[in-house]
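Below is one structure, written out as structure tokens; the observations come after it.
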Amino acid sequence: MSAQKGFAQKRLKIISFYAVMALAMVFALGTFVAGTTIVFAVGRSMLPTSAPFQPVLSQPESVPGTKTDGLTPQDNQDKYQPHGAEEGQNQKGAAAVNLKQAQLRENLRQEKQEKIPDVQSFSGLLTDSRCGARHSRALGKSAAECARFCVRHGAQYIIVNGGNTYKLNGRATQIRNFAGQRVMVTGLLQDGAIRVRSLSAAD
């Protein structure tokens, strides 16, 4: 009876020992988990707040030796702008140049017209510069023959109308045919001489 009682006490002690060990392990495990949780929370609170994610756009790589080498992103962006604006500026520049050229041509045309005198008509007696309106009868020649003779010896053909005298510049063969006659001359008057365009006998 006493042996059974001692065996029961011994068994109770063993069960109590294992129970205490189990409680100690549970307590230790709980303490470990709690400590780990606290350390993780504290460490997370100490980390810096991360900025929101923004995608990084890669810039085109510059090739050494090309026009894009060393350019800033803004320069590259400006370079690849549409060409419409540039073409429009070129067209405006070309139009302005054409307008200036047209104005210059018009100004030159007007100046040229102003410099060229108008064609005029003149009438008078066609004679020579030596004898004028009266020929010498000593030679025994007509007015036409005297005018041609004087021109052959250095005089010039002229027309005389009252107090006005004009030299005639033109084809000699055309003018000599009307020597000694009253004529109608059309031409350009420059420096007291008429550049003959047409010549005919006066009515």
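Derivation of every value follows stated rules applied to the coordinates shown; laboratory data play no part. What you are looking at is a predicted structure, and each value in this text was computed from that prediction instead of being measured. For neighbour counting, all protein chains shown are included, and Cβ atoms are generated from backbone atoms with ideal geometry for every residue, glycine included.
Between beta-carbons, use under 13 Å as the cut-off and find the net charge around residue 17, counting Lys and Arg +1, Asp and Glu -1.
After counting each charged neighbour, the total is +3.
So if we plug the beta-carbon distance of residue 138 and residue 203 into 1/(1 + (r/R0)^6) with R0 = 45 Å, what FRET efficiency do we get, rounded to 0.05? Calculated transfer efficiency: 0.90.
Under the definition of Cα pairs under 8 Å and six or more residues apart, what whole-number percent is the relative contact order of the range 120-201?
35 percent
Looking at the range 120-201, what % of its DSSP beta bridges pair antiparallel, to the nearest 5? Percent antiparallel among DSSP bridges in the range 120-201 is about 90.
Peptides 176-188, 126-138 ranked from most to least packed, by the mean per-residue count of other Cβ atoms within 10 Å: 176-188, 126-138.
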